[in-house]
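Colleague: One structure coming up, written as structure tokens, with questions to follow.
Each reported figure results from applying straightforward, stated rules to the coordinates on display, with no laboratory input. Worth saying up front: this structure is predicted, and the values here are computed from it rather than measured. Because the Cβ atoms are built from the backbone with ideal geometry, glycine has one as well, and the counts that use them run over all protein chains shown.
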Amino acid sequence: MDAHRFRGHEDGEPAPGVDVAVLLANERTLLAWLRTALTLLADGVALIQLTGRHRVLSLIGIALFMLGSLTSVAGYLRYRAVRRAVLDGRVPPSGHGPALLTAGIVTVTAAIAVTYVVRKFP
């Protein structure tokens, strides 16, 4: 069990001064990360299944699948870091997850666009 979870309270109440709404918002944010991860995973599977034997598009599908997996890990790590900070009365550290996710999505989008152009206009 997380050492910071109850901060010495046996009944599960947060430490005095901790805003429960912030903890609940953090959980909703984790769920948003997980929805994004599931969407990326599904997109990766769909691209692999729908492109047949096209090697480049299959590799892009695998990249989407991996990006989805990494997104779920990044979301959980962010959730845990924010929870610990809030329970300790600190400002949560800034995260790099959104920037990395954005870079990954832009890269995959560019790869799909290039592949489309090369296939359409050989």
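Colleague: Taking the Cα centre of segment 20-120 as the origin, how large is its charge dipole in debye, to the nearest 20, when only Lys and Arg (+1) and Asp and Glu (-1) carry charge on their Cβ atoms?
Modeller: Approximately 120 debye in magnitude.
Colleague: Just to confirm the number: angle between the C-alpha axis of helix 20-50 and the first principal axis of the chain, 0 to 90 degrees, nearest 10?
Modeller: 20
Colleague: Arrange LEU30, LEU38 by Cβ neighbour counts within 10 Å, fewest through most, would you?
Modeller: Details: LEU30 18, LEU38 13.
Ranked by crowding around the Cβ, least crowded first: LEU38, LEU30.
Colleague: Now for a separate question. Extent of segment 20-120 along each principal axis, from alpha carbon coordinates, in Å, largest to smallest?
Modeller: For segment 20-120, the Cα extents along the three principal axes come out at 55, 20, 15 Å.
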